[in-house]
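The values are calculated or read from the model by the stated rules, or taken from the named source; none is laboratory data. Since the structure is predicted, the reported quantities are computational estimates derived from the model, not experimental observations. Using ideal geometry, Cβ is built from the backbone for each residue, glycine included, and neighbour counts are taken over all protein chains shown.
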Amino acid sequence: MIATGIGYDVHRLVADRPLFLGGVEIPHPLGLDGHSDADVLCHAIADAVLGAAGEPDIGHLFPNTDPSIRGISSLEILRRVRSVLDEKAIQLHNIDATLVAEEPRIAPYLAEMKARVGTALGLSPARVGIKATTNESMGFLGRGEGMAALATACVNLPD
């Protein structure tokens, strides 16, 4: 049976934090605030995969109250999400994700993002779609106060 999941994440931009998107550290004067490395793209992807598998979201698996995972790489979160699929014999087909941010431009980093996300999830980069759009200068995203990401995942559930 084919199933799909949808993921969404948002984080505030703050000073004195590195910016990670799709598992890649991107030079930028601000980074995303969060318990982990706050990679909104990976978090939305993780939630999409977990949703397709009928599992709780990453907040249940990686609660921000757990000090042992403070600063965890979101690529590690994706690897652990992949292990949830493996335990249930669920096959992941593809990911499609969109970053919503006014800046920075991510085009120079897309190939590396796709490769890192694909590796973490056991997918070919060709099965990982990542794109970006702005919020047309509207709202908190348009004012550059944060970033958001949306993702979908398609899986094959065992009988």
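Selection within region 123-154: residues that are of a type in the set (Gly, Ala, Ser), touching a strand residue (DSSP E or B) at 6+ places or on another chain (Cβ under 8 Å) and surrounded by fewer than 18 Cβ atoms within 10 Å (Cβ to Cβ). The member of this set that is modelled with the highest pLDDT is Gly129.
When Thr65 is tested against (1) free of Cβ contacts under 8 Å to residues at least 24 places away in the same chain; (2) assigned to a helix (DSSP H, G or I), only condition (2) is not met.
When the residues of region 68-106 are filtered to those that are small (Gly, Ala, Ser) and in contact (Cβ under 8 Å) with a residue 12 or more places away in the chain, which remaining residue is surrounded by the most Cβ atoms within 10 Å (Cβ to Cβ)? Checked region 68-106; the qualifying residue surrounded by the most Cβ atoms within 10 Å (Cβ to Cβ) is Ser74.
Just to be sure before I move on: is Gly71 under 23 Å from Ala101 (Cβ atoms) and not in a loop (DSSP other than H, G, I, E, B) in the structure I sent? Criteria not met by Gly71. Just checking, does region 120-140 include any residue being part of a helix (DSSP H, G or I), over 11 Å from the mean Cα position of the chain (by Cα) and within 19 Å of Asp33 (Cβ to Cβ)? Yes; the residues of region 120-140 include at least one that is part of a helix (DSSP H, G or I), over 11 Å from the mean Cα position of the chain (by Cα) and within 19 Å of Asp33 (Cβ to Cβ).
Residue under question is Leu61, and the condition is that it be within 24 Å of Gly122 (Cβ to Cβ), surrounded by fewer than 22 Cβ atoms within 10 Å (Cβ to Cβ) and of a type outside the set (Lys, Arg); does it hold? Spelling it out, Leu61 is indeed within 24 Å of Gly122 (Cβ to Cβ), surrounded by fewer than 22 Cβ atoms within 10 Å (Cβ to Cβ) and of a type outside the set (Lys, Arg).
Of all the residues in region 1-57, those that are under 12 Å from the mean Cα position of the chain (by Cα) and either touching a residue at least 60 places away in the same chain (Cβ under 8 Å) or not in a loop (DSSP other than H, G, I, E, B) (or both) number 22. Here region 107-118 is the region considered, the condition is being in contact (Cβ under 8 Å) with a residue 40 or more places away in the chain and of a type outside the set (A, V, I, L, M), and the residue that is surrounded by the fewest Cβ atoms within 10 Å (Cβ to Cβ) is Glu112.
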